[in-house]
Amino acid sequence: MASIAIRGVKKNYAKTQVVHGVDLDFASGEFVVILGPSGCGKSTLLRMIAGLEEISDGTIAIDNTVVNKLEPRERGCAMVFQNYALYPHMSVAQNIGYSLKVAGVPAAERTQRIQAVARVLELEHLLDRKPMALSGGQRQRVAMGRAMIREPKVFLFDEPLSNLDAKLRVQMRSEIRKLHRRLNATSVFVTHDQVEAMTLADRLVVMNAGRVEQVGTPGEIYTRPASRFVATFVGAPAMNILEGTVELDGLSLLGGSRHLTIARAGLPVGSKVAMGVRPEAVRLVAPGTAGALNATVDLVEELGAGRVIYVDLDGAPFSVMTSEAVHPEPGSTVGLKLSPDDMHFFSPETGSRLDVFKASIPEPAL
Amino acid sequence: MEKRVTFSRSTIGILFAVPQLLLIFTFFYWPAGQAVYWSLTLQQPWGGGNIWVGLDNFRSILANADYWNSITASLVFAGISTGLAMFIALVLAALTDRQLAGSRLYRVVLIWPYGIAAPALAMAFRFILAPEAGFMAVVNQVWPGFWDPGLDGADAMASIIVAFSWKYVGYNFIFFLAAFQAIPRSLIEAAAMDGSGVIRRFRDIQFPLITPTIFFLLVINITESFQDSFGIVDIMTAGGPANATNLMVYKIYSDGFKGLDYSGAAAQSIILMLLIIVLTIFQFRFIERRVHYR
């Protein structure tokens, strides 16, 4: 168990900067997931913690020891790679036991510890096989075993589930979670899959373009996204965003073609906002209902338990997720009811969250 | 992905193969067959008939101490030059693989020696290693008489080994570098996370994973050291001094074309061919077992 402190960490490749100053603190025993689109710098950050990438600026400390200049092996981290990175010429047992062999652990103890790890991961019957002869899920487990056997202070996961099929991914997800509860080592898990992120994380770090957008529990990230990027990146289907202007009695949307009456708008009149509402927070009502927006149905996606209805709001795409048994025909008109409590407001320029209902006194300017 | 063309009639397929088969027959099987025939007969030096002598040619060669000296010299040459060429190339490739900037340039520059004809590079080395004027003259200045390939058989052997190795280092380097680069980076990183240092990683991960390439190069280098050495020997030492560098391939030439002993030379080339075949079979049987194919 170890805490990790990241202070002002930057990463440059030649002239391009890919990580622009990241500050993060991970508590001991915490399961942290770093979520972001590909190319956001999340893997680079993880690899800097591991010691596989040099840190261009700033410091990373594990258990209050700055590790910038330490070799990977001196940092007490174990890593599970995206492509598993199993040694193809070694058997499963040799793969799992390699770190012990390097460390000079006697053969008898090594065998015993390999057995123990294999038992936990249900790999006992595969110990003599080569990685070639294993399925994707089994390889994944061997990779986990190789990390576990060292009893590391920190577990690093670099998109370890992205090469697995959907069913196996769900299964491995819960196994990783169980494993974490059992070993209780600080874990940093990098992924671009938001479902993985939401289900695994004690705390979630959302990154974009080399910067941290938001840090919080999965619940906080979902209910109070700190920026327009987080709002649209987390949640499927993505949050709807409509640009508009604040008026005395509500919002003028889509260049003035639609008006939404909201009783408690707390933003200065005339200011431009990006209003976001999650598809699952929108209610379908009969067209023409008071306070509802009329829209034309484009497409209905059946999900079994519910359906996603894609509509057209004067040319702006908008989606609604409902579990009610409604099946509007494409081309028909529906009414959309939006509750002020479910609305998120973001600055159209910076994308940062505007907290309208908290401020008792309207702010003088944006 | 396998792309396979199928022909409705096998005759069309055979017709396509005919030009290649003709070439192989004309330039390989026919001369080889002719050599076997000559080795079993006594050919007249100026043409005009021959006498069937069975295995007499082989008996007389194998009873000749000069020939056994030639075999020993060839084996020494093959062993040392292959070892040297492969070891230097392996070290260079391993270092290049670690520091990738400019590896493209090395790849181009290091293939050039292989493209130089053996006699041309032998001529260059003859000057470089000349005892009276070349680079080694400096050494001779310090230790007089230290280096003289014209008199000392060991020095002469060393000269042709250096020239041959120089040519094959580039060739081997290209293959080794490609093999190193084919190893996924994450394997090296995983080993680093497992606590393995540079040398240990090389021994435990990289070396086993390039064994297919090592094996391939071993077969090629040994085979070539028996055959491609002719030009180097001819220009640098002409088999001397005192037959110290009279390799099998050179002895075939000098006995056959200078001594006009066609039958004896033919028998020698059959023995050389058998030796290479046996060595190659040996390598496949005993060394390939240690190769890890992925």
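Readers should treat all values here as calculations from the given coordinates under stated rules, not as data from a laboratory. Small disclaimer: the values here were computed from a predicted structure and weren't measured. Note that each Cβ is placed from the backbone with ideal geometry, even for glycine, and that neighbours are counted across all protein chains shown.
Here the label points at A:D341 and A:N163, each 7 Å from Cα along the C-beta direction, are separated by 4.7 nm in the simple model.
The mean sequence separation of alpha-carbon pairs under 8 Å and at least six residues apart, normalised by the residue count of region B:63-290, gives a relative contact order of 29 percent.
Other residues within the sphere of radius under 13 Å centred on the Cβ of B:L129, judged by their own Cβ, net out at -3 (K and R +1, D and E -1). Rounded to the nearest 20, the Cβ-based charge dipole of chain B about its Cα centre (Lys and Arg +1, Asp and Glu -1) stands at 1180 debye.
Across the alpha-carbon atoms of the protein assembly as shown, the computed radius of gyration and Dmax are 37.4, 121 angstrom. Projected label points at A:D25 and B:Q141, each 7 Å from Cα along the beta carbon direction, are separated by 7.0 nanometres.
Remark on B:T245: its backbone amide H falls under 5 Å from those of B:G240, a criterion applied only to residues 5 or more positions apart or on other chains, H modelled at 1.01 Å from N. Could you work out the Rg to Rh ratio of chain A, with Rh taken as the Kirkwood radius (inverse of the mean 1/r over all Cα pairs)? Over the Cα atoms of chain A, Rg/Rh equals 1.07. Applied to region A:171-182, the Karplus parametrisation 6.51 cos²θ - 1.76 cosθ + 1.60 on θ = phi - 60° returns per-residue 3J(HN,Hα) values of 5, 5, 4, 5, 5, 5, 4, 5, 4, 5, 4, 6 Hz, with x for Gly and Pro. Taking the DSSP beta bridges with both ends in the protein assembly as shown, the antiparallel portion is around 80 percent. By the count of neighbouring beta-carbon atoms within 10 Å, fewest first, A:H327, A:H20 end up ordered A:H327, A:H20.
Check each of the trypsin sites (Lys or Arg not before Pro) in region B:1-84 and keep only those in coil by DSSP with at most 10 other C-beta atoms within 10 angstrom; list them in order. It would help to have the intermediate numbers written out before the result.
Numbers: sites: B:K3, B:R4, B:R9, B:R59; in loops: B:K3, B:R4, B:R9.
Passing both the DSSP loop test and the Cβ count: B:K3, B:R4, B:R9.
Rg over Rh for region B:63-290 works out to 1.04, both radii taken from alpha-carbon positions and Rh defined as the Kirkwood radius. Computed over neighbours whose Cβ is under 15 Å from that of A:D57, the net charge equals +3, Lys and Arg +1, Asp and Glu -1.
Shown here for region A:12-56: trypsin sites (Lys or Arg not before Pro) in loop regions (DSSP other than H, G, I, E, B) with at most 11 other Cβ atoms within 10 Å, namely A:K15.
Using DSSP loop states and a limit of at most 16 other Cβ atoms within 10 Å to flag GluC sites (Glu not before Pro), what is the longest stretch of chain B containing no flagged site? Can you show the working numbers first?
Numbers: sites that count: B:E2, B:E132.
Within chain B, the longest run free of exposed GluC sites (Glu not before Pro) spans B:133-294.
Run the dipole for chain A about the Cα centre, Lys and Arg Cβ at +1, Asp and Glu Cβ at -1, nothing else charged, and hand back the magnitude in debye, nearest 20. Before the final figure, lay out each step's value.
Working: 40 positive and 39 negative charges, 310 e Å.
For chain A, the charge dipole is close to 1480 debye.
What ranking do B:S269, B:S10, B:S70 get, fewest neighbouring Cβ atoms within 10 angstrom at the top? Display every interim value, and only then the final one.
On the way: B:S269 22, B:S10 8, B:S70 25.
Final ranking by Cβ density, sparse to dense: B:S10, B:S269, B:S70.
Say a paramagnetic label sat at a point 7 Å from the Cα of B:F207, along Cα to Cβ; which residues of region B:163-180 have their backbone N under 19 Å from it? The answer is B:173, B:176-180, whose backbone nitrogens lie closer than 19 Å to the label point.
A dipole drawn for chain A from +1 and -1 charges on Cβ atoms has a positive end, and of A:T186, A:G97, A:P225 the residue lying farthest that way is A:G97.
I want the antiparallel fraction of DSSP beta bridges within region A:4-228, as a percent rounded to 5.
Numbers: 20 of 38 bridges.
The answer is about 55 percent antiparallel.
Considering only A:V142, A:V297, A:A85, and ranking their Cα positions along the charge dipole of the protein assembly as shown that arises from unit charges at the beta-carbon of Lys, Arg, Asp and Glu, the one farthest toward the positive end is A:V142. Look at A:F31, B:F87 and count the other Cβ atoms within 10 Å of each Cβ; fewest to most, that gives B:F87, A:F31.
Taking the Cα centre as origin and putting +1 on Lys and Arg beta-carbons and -1 on Asp and Glu beta-carbons, what dipole magnitude results for the protein assembly as shown, to the nearest 20 debye? Walk me through the intermediate numbers first.
On the way: 59 positive and 56 negative charges, 209 e Å.
That gives the protein assembly as shown a dipole magnitude of about 1000 debye.
Taking 19 Å as the limit for the C-alpha separation, the pairs B:K167/B:K251; A:K10/A:K69; A:K130/A:K167 exceed it in the case of B:K167/B:K251; A:K130/A:K167. Once each of the GluC sites (Glu not before Pro) sitting in a DSSP loop with at most 11 other beta-carbon atoms within 10 Å is removed, chain A keeps A:123-323 as its longest stretch.
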